[in-house]
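A.B. asks: Below you'll find the structure I mean.
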Amino acid sequence: MPFVTRDAAGAIRRLDDTGAAGDWLADDDPELAAFYRDAGMRAKRALTETDVDMVRVIDDLVDVLVAKQLVIFTELPDAVQQKLLARKQLRRDIGALQNLMLDDEGLF
């Protein structure tokens, strides 16, 4: 039985179980269900958006650990080795393509 705070347009912005907020809604209220669904979708979207950044962080972390010999690359499972090597090769290929494109800009 949450109490809700609404914005100027009347949309739910915050839930409160102490009664300090304005309106009370029943647990089975469709508006409350929509709020929960939307909040869940926003959280999933935010998490997904950080996944790409985290993959790069993990790549860099593995590189540092291997360089400092805290992790032996060949002791990683074969599937992990292959994925890391494939990602490194893709990054090299993309870098080479970007360099070619920058070199070609002066021709036209």
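The values are calculated or read from the model by the stated rules, or taken from the named source; none is laboratory data. Being a predicted model, the structure only gives us computed values, none of them experimental. Note that we place each Cβ from the backbone using ideal geometry, even for glycine, and neighbour counts take in every protein chain shown. These area figures cover heavy atoms from the full protein model, side chains too; ligands, DNA and RNA do not enter into them. Shrake-Rupley method; radii C 1.70, N 1.55, O 1.52, S 1.80 Å.
A.B. asks: Taking 2.2 N^0.38 Å as the expected size of a compact globular protein, what ratio does the Cα radius of gyration of the chain give against it, to two decimals?
C.D. replies: 1.90
A.B. asks: Against the 2.2 N^0.38 Å scaling, with N counting residues, where does region 1-40 land? I'd like the Cα-based Rg ratio to two decimal places.
C.D. replies: Output field value: 1.04.
A.B. asks: Could you calculate the FRET efficiency of Lys88 with Arg13 from 1/(1 + (r/R0)^6), where r is the beta carbon distance between them and R0 is 30 Å, rounded to 0.05?
C.D. replies: Approximately 0.10, to the nearest 0.05.
A.B. asks: Also: How far, in nm, would the chain grow between Lys68 and Met41 when pulled straight, counting 0.36 nm per residue and subtracting the alpha carbon separation?
C.D. replies: So the chain would gain 5.7 nm between Lys68 and Met41.
A.B. asks: In nm, give the distance between the simple-model label positions of Met54 and Phe3, each being 7 Å from the Cα along the Cα-to-Cβ direction.
C.D. replies: Distance between the two pseudo-spin positions: 3.6 nm.
A.B. asks: Of all the accessible heavy-atom surface of region 28-108, with the other protein chains kept in place and a 1.4 Å probe, what percent is carbon and sulfur?
C.D. replies: Carbon and sulfur atoms account for 64 percent of the accessible area of region 28-108.
A.B. asks: In square angstrom, what is the accessible area per residue of the chain with a 1.4 angstrom probe?
C.D. replies: Per residue, the chain has an accessible area of 80 Å².
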